[in-house]
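Notes follow once the structure below has been shown.
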Amino acid sequence: MDQQTVLHAEHVALGARMVPFGGWDMPLHYGSQIDEHHAVRRAAGVFDVSHMRAVDLTGAGARAYLRRLLANDVAKLKAPGKALYSCMLDPQGGVIDDLIVYHLRDDWFRVVVNAATTAKDLAWMQGEMAGFAVTLQPRTDLAMLAIQGPAARGIVQPLLPEALREAAAALRPFSAAEGAGWFVARTGYTGEEGVEVMLPNAAADGFWRALLAAGVRPCGLGARDTLRLEAGMNLYGQDMDETVSPLESGLAWTVAFDPPERDFLGRAALEGQRMRGGLRRFVGLVLLDRGVLRPHQKVFAGDREMGEITSGGFAPTLDRSIALARVHPHLGDRCAVEIRGKRLVAAVVEPPFVRNGQVLVRV
């Protein structure tokens, strides 16, 4: 039986369509996925993301451990509260998971991993702890809500514990603050302003209801997926996994090769890939003909197969079908996508497609 978040009864009471996702029973939508998508782009929506797992790493060796474990370098996190996006790699350079790590103290970091990979991630992290003075604690006592959209921060501010409000108001992008048992981060997965709030399970119902009473729209997995796709954000298991490296997943910017003496897991494999060259590109596609782009559809230039779509679907903000694709390095600015035996024309663009409510691509 799928697990349930602490807010499961709230979703059911609102009439959400519930679906299995990563071992959890989660809301797909509350009536209209497209309306929920637009609510986030234009005002504010809230997602229950309590299926994701916060993991606290504490101890004098926490920083050194994470510098070995992650492809990005937590040495960049000098001030408490700063956050970093990274991939966790295996020795072959494959992506075990993508995650966010928050620096709270020099001996305390918080990592947030994906729901479907939690067990695998925890086993991998525990297996790499030898020689480091670090303790790993999954935070099963915390719920997590993502409140996203241009109005989100203003709505959330007065609903936080008083002890946290001033610090939350001063947050810069990709930073966090904690207090009164709560944690608020100016991060998200939609391409819009907003925050992600971790709070005690016992407080989740009240906070959820307060958000809805303040006009925030409840949103499900469907809108979360179209929003992240428009924002050009990868989804683990579709856009990258253990079979591909971040260098072929549009995530080269998350790999810190400097300083050269930092021997992170997967480094030698990535350096070998760079040396050999010929890496596939990770691009955006905008369908110019009528149809819908979907994962695993093949991309062509003339009669030559040039790659494959990893994520695709209808983009409500653009009113078009868009996709992310892994393709041959020499693909030009137009291609064809095979859909139900027909080859339809698509423009090749650089993601993101939408950011902060603004369409960034022109075709």
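With respect to residue 110, determine if the residue is farther than 25 Å from residue 240 by Cβ, basic (Lys, Arg) and modelled with pLDDT of 95 or more. Considered against the rule, which asks whether it is farther than 25 Å from residue 240 by Cβ, basic (Lys, Arg) and modelled with pLDDT of 95 or more, residue 110 comes out as no.
Restricting attention to segment 8-50, the residues that are closer than 17 Å to residue 201 by Cβ, over 21 Å from the mean Cα position of the chain (by Cα) and touching a residue at least 12 places away in the same chain (Cβ under 8 Å) total 3.
Residue-by-condition table, conditions (1) touching a Gly at 6+ places or on another chain (Cβ under 7 Å); (2) free of Cβ contacts under 8 Å to residues at least 60 places away in the same chain:
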residue	(1), (2)
168	no, yes
171	no, no
182	no, yes
188	yes, yes
194	yes, no
197	no, yes
200	yes, yes
207	no, no
210	no, yes
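Criterion applied to 290, 326, 355 was being within 25 Å of residue 222 (Cα to Cα), surrounded by fewer than 13 Cβ atoms within 10 Å (Cβ to Cβ), out of contact with any Pro (no Cβ under 9 Å at 6 or more places or on another chain) and of a type outside the set (A, V, I, L, M), and the one residue passing it is 290.
Conditions (1) closer than 25 Å to residue 237 by Cα; (2) out of contact with any Asp or Glu (no Cβ under 7 Å at 6 or more places or on another chain); (3) outside any loop (DSSP other than H, G, I, E, B), marked per residue:
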| site | (1), (2), (3) |
| --- | --- |
| 279 | yes, no, no |
| 282 | yes, no, yes |
| 293 | yes, yes, no |
| 299 | yes, no, yes |
| 317 | yes, no, no |
| 324 | yes, no, yes |
| 329 | yes, yes, no |
| 362 | no, yes, no |
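Considering (1) at positive phi; (2) in a helix (DSSP H, G or I); (3) of a type outside the set (S, T, N, Q), the lone condition that residue 11 does not fulfil carries the number (1). Only one residue in 281, 267, 274 is basic (Lys, Arg), out of contact with any helix residue (DSSP H, G or I) (no Cβ under 6 Å at 6 or more places or on another chain) and within 18 Å of residue 323 (Cα to Cα), so which one is that? Just a single option satisfies the conditions, and that option is 281. Only one of the listed residues (222, 215) is in a loop (DSSP other than H, G, I, E, B), within 25 Å of residue 17 (Cβ to Cβ) and in the same structural domain as residue 35 (by TED's automatic domain parsing). That residue is 215. Among the residues of segment 141-166, those identified as free of Cβ contacts under 8 Å to residues at least 60 places away in the same chain and part of a loop (DSSP other than H, G, I, E, B) are 160, 161. Residues in segment 251-277 that are part of a loop (DSSP other than H, G, I, E, B), more than 26 Å from residue 147 (Cα to Cα) and under 20 Å from the mean Cα position of the chain (by Cα): 2 in all. Is it true that some residue in segment 63-70 is under 19 Å from the mean Cα position of the chain (by Cα), of a type in the set (Phe, Trp, Tyr) and surrounded by 21 or more Cβ atoms within 10 Å (Cβ to Cβ)? Within segment 63-70 (the criterion being under 19 Å from the mean Cα position of the chain (by Cα), of a type in the set (Phe, Trp, Tyr) and surrounded by 21 or more Cβ atoms within 10 Å (Cβ to Cβ)), the answer is no, since none of the residues qualifies.
The values are calculated or read from the model by the stated rules, or taken from the named source; none is laboratory data. Model, not experiment: these values are computed from the prediction. Cβ: placed from backbone, ideal geometry, glycine included. Neighbour counts: every protein chain shown.
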